[in-house]
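See structure below.
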Amino acid sequence: MLTQFLSLFNLSPLETDAIRLSLSVSFSAMLWSLPLAIFVAWLLARKNFYGKSLVSGVIHLPLVLPPVVIGYVLLVAMGRNGFIGRYLYQWFGLSFGFSWKGAVVASAVVAFPLVVRAIRLSLESIDVRFEQAAQTLGASPWRVFFTITFPLSLPGVLAGLILGFARSLGEFGATITFVSNIAGETQTIPLAMYSFIQTPGAEVQTARLCLFAIILSFISLLASEWLAKRMQKQLGQSNVAN
């Protein structure tokens, strides 16, 4: 269906594959990283422990590191001969290097700090007295989290997911370093644009992909703002009703 829709814009198969792959990689990156992002955000927002600043620094390190460095670290760690990747390949047959799965990992790592930060800020804005009241009434920690903490933090979760999705759409350096630029396999929109820029006479294709990237990113940002405001309004009405 997506391919048929994109064909209406007279896109070449290479452009269509790049857009389809970018959307697929970004969705997958957010889907697989969300549980860990929620746990890490909750840990940083609710717990005090030795080395908390160090953990927070490591989590946010991808925000300041050059993406190429992230890609190289992933290649050394998660490549087929990497110190982690070799065992994943031997035990489970998983290979991340030079495949779309590696592109998902690269996008997830780069976008992870944004998702964690949005969820953490949302958690920190919740009045802990709600959680404490539920605990005094005998609710287990899991029940408190899923009935109070998570619903109240949902605006931040959604905002973080969409911001992470938008960041994943624009990922370039870590992806090309870790999984190369393989058409139809790892060539997302930024990588396809990079190839077109180096190809004489491909200015139109470059401009089209640039336009699609801008539109997708802008829609993601608007959706993030709209969902956050809508969820906050609904939660406010619910609190008033209670």
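The values are calculated or read from the model by the stated rules, or taken from the named source; none is laboratory data. A quick note: this is a predicted structure, and the numbers were derived from the prediction, not measured. FYI the Cβ positions are ideal-geometry reconstructions off the backbone, even for glycines, and counts take in every protein chain you see. The area values use the complete protein model at the heavy-atom level, side chains included, leaving out ligands, DNA and RNA. Shrake-Rupley method; radii C 1.70, N 1.55, O 1.52, S 1.80 Å.
Criterion first (open to solvent by 40 Å² or more (accessible area, probe 1.4 Å), more than 17 Å from residue 116 (Cα to Cα) and out of contact with any Cys (no Cβ under 7 Å at 6 or more places or on another chain)) does residue 187 satisfy it? Here the answer is no, as residue 187 does not meet what is asked. Of the residues that sit in segment 25-38 and are of a type outside the set (Gly, Ala, Ser) and either touching a Phe, Trp or Tyr at 6+ places or on another chain (Cβ under 9 Å) or not in a helix (DSSP H, G or I) (or both), which one is most open to solvent (accessible area, probe 1.4 Å)? My answer is 27. Taken as a whole, the condition of being within 19 Å of residue 166 (Cα to Cα) and in contact with a Lys or Arg (Cβ under 7 Å, 6 or more places away or on another chain) does not apply to residue 104.
Of all residues in segment 39-62, those satisfying the criterion of being open to solvent by 30 Å² or more (accessible area, probe 1.4 Å) and either in contact (Cβ under 8 Å) with a residue 60 or more places away in the chain or closer than 24 Å to residue 131 by Cα (or both) are 39, 42, 43, 46, 47, 48, 49, 50, 52. With respect to (1) out of contact with any helix residue (DSSP H, G or I) (no Cβ under 7 Å at 6 or more places or on another chain); (2) closer than 28 Å to residue 227 by Cα, the lone exception for residue 106 is condition (1).
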